[in-house]
Amino acid sequence: MADIIAIDGPVASGKGSVSAGVAKVLGFHVLDSGALYRLAGTACVKEGVSLDDQAAVTKVAENMKPLFKDGRIYLNDEDVTDVIRTEEAGLNASQIAAYPTVRDALFQLQRRCAQEPGLVADGRDMGAVVFPDACLKIFLTASAESRAKRRYNQLKEKGIDSKIDDLVSDLKERDRRDTERAVAPLKPAEGARILDSSELTLQETIDKVLSWYREIRP
Ligand code: CDP
Ligand code: CDP
């Protein structure tokens, strides 16, 4: 069984960037599980499926065939890389992520990513549900203010203007939904190490994860 590092945490805590940095050093694969929920929500919007219709949303999640190529993501030949990263797509993702049948539909897709030489998987339930066998489980967090500031800078780099106050309320709303749902709620997995990155740079956060991994695999 390939080594798996599971990184879960709230919105914009740095999961994706930290996972990419850790995977690069170790030569591991990465799984951005949030992208799958974002893709399913986006596919529903494009197909005119109501996000309130659980059965129809589940069918879309079961049948979608995203293509990951050269750092871009395609749905039915359409490049949706940027569309799925909007705050709206994030909110849609969190609505359909509360349906257990949607989570089941995406389960095997995620499990298949566990390949040699190893995998860094990020999301909300990587350590608790999808990879309970992960050798290292991390709950990555940061204050709502620093997370909103990070997302603000991230959007600005893409030329998108936003308001910090709107971002704070969006991320709090999404965290509330993700934490309060009945199935696979956002919370530290059993045995997870808590990493608060509010005062850490991205590199310091990556180094901390690597040092924990090396404790386990000297
Ligand atoms: O995947 P998630 O939404 O948790 O976060 P992300 O998109 O990886 O990170 C959001 C932004 O925060 C990125 O621009 C990271 O470079 C930045 N970041 C940071 O400034 N300091 C950290 N310790 C971690 C991430
Ligand atoms: O990067 P950010 O933290 O903004 O979000 P994401 O990781 O792309 O996830 C988008 C949404 O998908 C989350 O708000 C969750 O509702 C859902 N999600 C989930 O339920 N389980 C996962 N393993 C990953 C994401």
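Just a few scattered comments:
- Of the residues examined, G118 is one that is surrounded by fewer than 24 Cβ atoms within 10 Å (Cβ to Cβ), closer than 18 Å to A23 by Cα, touching a residue at least 40 places away in the same chain (Cβ under 8 Å) and not charged (D, E, K, R).
Results for (1) within 10 Å of ligand 2 (Cβ to nearest atom); (2) among the acidic types (D, E), shown as yes or no for each residue.
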{"site": "G16", "(1), (2)": "yes, no"}
{"site": "V25", "(1), (2)": "no, no"}
{"site": "F28", "(1), (2)": "no, no"}
{"site": "V45", "(1), (2)": "no, no"}
{"site": "L51", "(1), (2)": "no, no"}
{"site": "A55", "(1), (2)": "no, no"}
{"site": "P66", "(1), (2)": "no, no"}
{"site": "I73", "(1), (2)": "no, no"}
{"site": "E78", "(1), (2)": "no, yes"}
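- Within region 38-53, tally of residues that are out of contact with any helix residue (DSSP H, G or I) (no Cβ under 6 Å at 6 or more places or on another chain) and either at pLDDT below 95 or not in a helix (DSSP H, G or I) (or both): 4
- Test: residue in region 94-116 that is among the acidic types (D, E) and within 21 Å of E173 (Cα to Cα): no
- Test result for A97, at pLDDT 95 or above, of a type outside the set (F, W, Y), on the phi > 0 side of the Ramachandran plot and within 19 Å of the chain's Cα centre (by Cα): no
- Out of V49, V60, V45, sole residue that is buried (at least 21 other Cβ atoms within 10 Å of the Cβ), away from ligand 1 (no atom under 16 Å from the Cβ) and over 18 Å from the mean Cα position of the chain (by Cα): V60
- Scanning region 97-112 for residues that are more than 8 Å from ligand 2 (Cβ to nearest atom), under 20 Å from L31 (Cα atoms) and either among the basic types (K, R) or buried (at least 19 other Cβ atoms within 10 Å of the Cβ) (or both) gives V102, A105, L106, R111, R112.
The values are calculated or read from the model by the stated rules, or taken from the named source; none is laboratory data. Every value quoted in this text rests on a predicted model; they were computed, and no experiment measured them. So basically every Cβ, Gly included, is an ideal-geometry build from the backbone, and we count neighbours across all protein chains shown.
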